[in-house]
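First comes the structure, then the notes that go with it.
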Amino acid sequence: MAKAEQRKLLLSELQLGMRVKLPLSWTNHPFLFNRVDISSAAQIEMIRGLGVPYVFLISESLGDVQTSDEDEDIEEAAETPPERDLKADTRRAMRLSQKRFLEDVNNCRNVFSKIVSDPEGAYRLSAALVEDLLNHLQEVEKPFLTLVGMDEKDVSVTQHGVSVAVLAMMIGHALDLTPRELRDIALGSLFHDIGKLKVPDIIRRKRGALTAHESNYLQMHPNFGYDMLNRSGLFPKEVLHIVLHHHEFIDGSGFPDGLKGNKIPIVTQIVSLANDYDQQLSGQQASSPQVALGYLFKNRASKHAESLIAVLVKILGIYPPGTIVKLSDDCVAKVIMTTKDVSQPQVWACKEDGSEASLRFLSDEGVTVQKAIKAEELTEGAIRTLQVDKGISFYFSSLQA
């Protein structure tokens, strides 16, 4: 049987339903085979992120190519991947997560810039962004979290929104919520702090304690955000509820309405928890993701459902991404990615003086984490190597378990 004709296809021409072949070796892409049946927008984005100028088009429709079982066996045998290089896969997954995070933050900024002048355009862009997030969450059977961030130390409203969306969607995914609920969680998370853009910078960026007047003004941001979105008439009521009530707590101590218990829908409760945790990472209460988790246990146990906190702990692991740790071989490290073995995460490690930096897989080495440590316990060299002062955010990992 003659082979299906293959021609070079520019990445801008990629569409759902196409069957393409990648001009790369196995070590340079994350797919199971070089031949890819494009069934989701996430796959198109992954291919565009591979750094190739084109792919080979096998078919414009997956039903167009007919091959015999013998042909299929020969082709798959020829494409059988070599033994997996976990370190290369992990580096590739880390780069992809960072790339996607930056794209989402930039897209979110674009949405925010249009919300008043072009609300319909803003809604369309935000809906597309939510679909990307959902695809990235669901592209592997068991998603893990990867440490990502921007070059700035201060975390922006949009950066915080994307990170909260990822955490909240991970919680929702673990609870088997419906795709519609996950979309509401994602959209509500992205927009939950948009009202802060109406709060003066001198208040919003103040590092010290706020005055009573400043605190009251800042606490109006959920109302500001709700009014901005509700005015368009485009956003679902579940999303509007998240934006207005993401600071409500089940004990009734939150704002703006002091809602209690079941008066707060599960999707809003999830975003409230994810926001509360992520906010600790950019605030003054915590110096690391592990300390922030401890802060939730100690100071927020009555404010969030115990079952939701338990899910968040399971997702983050004992040493959440971004935590600085001391290893059993006396090296220091920053946790990069959660794994199935929560006590042996993947880390970026170095000697105490900051030398000999490398990506390490503790489970393969028999090395364990001794304890979490504070930034002030590190040498200047280690602080530079581990980029301790870089803002902490989270994104889904595309690494197959």
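The values are calculated or read from the model by the stated rules, or taken from the named source; none is laboratory data. This one's a predicted model, so the numbers in the text were calculated from it and none came from an experiment. Glycine also receives a Cβ, built like all others from the backbone with ideal geometry; neighbour counts cover every protein chain displayed.
Name the residues in region 245-276 that are of a type in the set (Phe, Trp, Tyr) and at pLDDT below 95, would you? Talk me through it step by step, then tell me what you get.
As a first pass, look at region 245-276 and keep what is of a type in the set (Phe, Trp, Tyr): 249, 255.
Of everything in region 245-276, nothing turns out to be of a type in the set (Phe, Trp, Tyr) and at pLDDT below 95.
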**Request:** Check region 348-363 and report whether any residue there is closer than 29 Å to ASN135 by Cβ, surrounded by 17 or more Cβ atoms within 10 Å (Cβ to Cβ) and either assigned by TED's automatic domain parsing to the domain that holds VAL267 or free of Cβ contacts under 8 Å to residues at least 40 places away in the same chain (or both).
**Result:** yes
**Item:** Matching residues in region 165-202 - criterion: being assigned to a loop (DSSP other than H, G, I, E, B) and among the hydrophobic types (A, V, I, L, M, F, W, C)
**Value:** LEU175, LEU177, VAL199
**Asked** Which ones in region 254-265 are small (Gly, Ala, Ser), surrounded by fewer than 17 Cβ atoms within 10 Å (Cβ to Cβ) and either in contact with a Pro (Cβ under 8 Å, 6 or more places away or on another chain) or not in a helix (DSSP H, G or I) (or both)?
**Response** GLY258
**Request:** Filter region 378-401 down to residues that are part of a helix (DSSP H, G or I) and surrounded by 13 or more Cβ atoms within 10 Å (Cβ to Cβ), then give me how many there are.
**Result:** 6
**Prompt:** Among (1) assigned to a loop (DSSP other than H, G, I, E, B); (2) in contact (Cβ under 8 Å) with a residue 12 or more places away in the chain, where does LEU210 come up short?
**Reply:** (2)
**Item:** Of all residues in region 202-224 being over 22 Å from GLY258 (Cβ atoms) and hydrophobic (A, V, I, L, M, F, W, C), the one that is surrounded by the most Cβ atoms within 10 Å (Cβ to Cβ)
**Value:** ILE203
**Item:** Boolean, SER126 is assigned by TED's automatic domain parsing to the domain that holds ARG183 and either more than 19 Å from THR339 (Cβ to Cβ) or surrounded by fewer than 19 Cβ atoms within 10 Å (Cβ to Cβ) (or both)
**Value:** yes
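One line per residue, one yes/no per condition, for (1) outside any loop (DSSP other than H, G, I, E, B); (2) in contact with a helix residue (DSSP H, G or I) (Cβ under 8 Å, 6 or more places away or on another chain); (3) farther than 18 Å from ILE392 by Cβ:
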| site | (1), (2), (3) |
| --- | --- |
| PRO321 | no, yes, no |
| VAL325 | yes, no, no |
| LYS334 | yes, yes, no |
| ASP341 | no, yes, yes |
| ASP353 | no, yes, yes |
| SER363 | yes, no, yes |
**Request:** For region 95-139, name all the residues that are touching a strand residue (DSSP E or B) at 6+ places or on another chain (Cβ under 6 Å) and aliphatic (A, V, I, L, M).
**Result:** LEU137
**Request:** Could you check, for region 194-211, whether at least one of its residues is more than 22 Å from VAL335 (Cβ to Cβ) and hydroxyl-bearing (Ser, Thr, Tyr)?
**Result:** yes
**Request:** Only one of these is of a type in the set (D, E, K, R), within 24 Å of ASP154 (Cα to Cα) and either surrounded by fewer than 22 Cβ atoms within 10 Å (Cβ to Cβ) or within 24 Å of the chain's Cα centre (by Cα) (or both): ASP329, ASP251, ASP278. Name it.
**Result:** ASP278
**Message:** Given the options VAL311, VAL291, VAL271, VAL267, name the one that is touching a residue at least 40 places away in the same chain (Cβ under 8 Å), in contact with an Asp or Glu (Cβ under 8 Å, 6 or more places away or on another chain) and not charged (D, E, K, R).
**Reply:** VAL267
